[in-house]
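The values are calculated or read from the model by the stated rules, or taken from the named source; none is laboratory data. It should be emphasised that the depicted structure is a prediction, and the values quoted were computed from it without experimental measurement. Using ideal geometry, Cβ is built from the backbone for each residue, glycine included, and neighbour counts are taken over all protein chains shown.
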Amino acid sequence: MKNLLLKLWIFIAPAVFLPSLNAQYHTWLPEPGDSGYEKRQCMDIPEDLRLCFNVGYHQMLLPNLLEHETIAEVKQQASSWVPLVHKACHPGTQVFLCSLFAPVCLETPIYPCRWLCEAVRDGCTPIMQAFGFPWPEMLKCDKFPLSDVCLSMNTTSSDDTDKSPDVSSVCPPCDHEMNTDAILEQLCASEFAIKTKIKEVKTDNLDRKVILQKKRKAVKRGNLKRQDLKELVLYLKNGADCPCQQLENLKSNYLIMGRSVGKQYILTGIHKWDKSSKELKKALKKLESHKCSTFETMFK
């Protein structure tokens, strides 16, 4: 994603064409008396705004295009989307999201092009659905411009474009990296997490039904009641045909994560429980004091 070159496609003459986000910009700050003068400001993108710190430009506008007024609110809301960017479901995902969460400072705020929204939506919706999330109403693509000034991207020079099909071939909950941050992000995105073994895996229409062994230890209980934990059966959504190596080895202990969607419990992640894994130990220890983002508010 670091190598993405963004372009502003200008459809209204005689506007000035800005060739890429490596170009120099006139930083916009409203004049005294303008509407929003007291609120609007340009600021450096902080390093801990992980979604957008490496997007290709260095300053952002507040309030942003999602009406977040403080950087604390931006960080809290944007962090929920970092796992989706890591999934590489579309090469423009980070560009699209950051154009809204951390818009570049220009004389006039620029919204993403509708086609970019549609491309990201079509590429990432299957991934989101695998975790029980719909495409959110706040990112409905028909609200973005078709033939106005809008933010696009140049995918022809991106190193990442050819990689995304390989990433998405594995069932999304099954291909997460075994590093501390990735495990912690997934634990936060899940309502519950347990340590257990798998008894049986069945195909259920387009899904896979994961039946667990009776011995189950709650790592993160969430809203699961004791009886729910005993009766817990999970579904790998749209996972009947995609590879999931973990579900082929029923002898190992696993860290299994999930969330409730309707009347089902959806499998959101599965990692082999490796006692020698320092990354797993760190993630579980950090979880005790870590304040997770509220994912539910982001995907409504």
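Things worth noting here:
- Filter result (of a type in the set (K, R) and either touching a Pro at 6+ places or on another chain (Cβ under 7 Å) or surrounded by 17 or more Cβ atoms within 10 Å (Cβ to Cβ) (or both)) within the stretch 107-151: R114, R121
- For the stretch 257-273, the set of residues classified as more than 21 Å from the chain's Cα centre (by Cα) and touching a residue at least 12 places away in the same chain (Cβ under 8 Å) consists of Q264, K272, W273, listed by residue number.
- Note on the stretch 123-155: residues that are touching a helix residue (DSSP H, G or I) at 6+ places or on another chain (Cβ under 8 Å), over 26 Å from L206 (Cα atoms) and not acidic (D, E) amount to 9.
- Just one of the listed residues (K285, K300, K272, K214) is more than 20 Å from L184 (Cα to Cα) and at pLDDT 85 or above, namely K214.
- Of everything in the stretch 177-210 that is of a type in the set (S, T, N, Q) and in a helix (DSSP H, G or I), the residue that is modelled with the lowest pLDDT is Q186.
- Among the residues of the stretch 52-88, those identified as of a type in the set (A, V, I, L, M) and either closer than 30 Å to V170 by Cα or in a loop (DSSP other than H, G, I, E, B) (or both) are V55, L65, L66, A78, V82, L84, V85, A88.
- Where strands (runs of 3 or more DSSP E) sit wholly within the stretch 211-286, those with at least 3 residues that are surrounded by 19 or more Cβ atoms within 10 Å (Cβ to Cβ) and either out of contact with any Lys or Arg (no Cβ under 7 Å at 6 or more places or on another chain) or small (G, A, S) (or both) occupy 253-261, 264-272.
- Test: residue in the stretch 31-51 that is assigned to a strand (DSSP E or B), closer than 27 Å to D122 by Cα and either at pLDDT 90 or above or not β-branched (V, I, T) (or both): no
- Just one of the listed residues (R259, R226) is of a type in the set (K, R) and over 21 Å from C124 (Cβ atoms), and it is R226.
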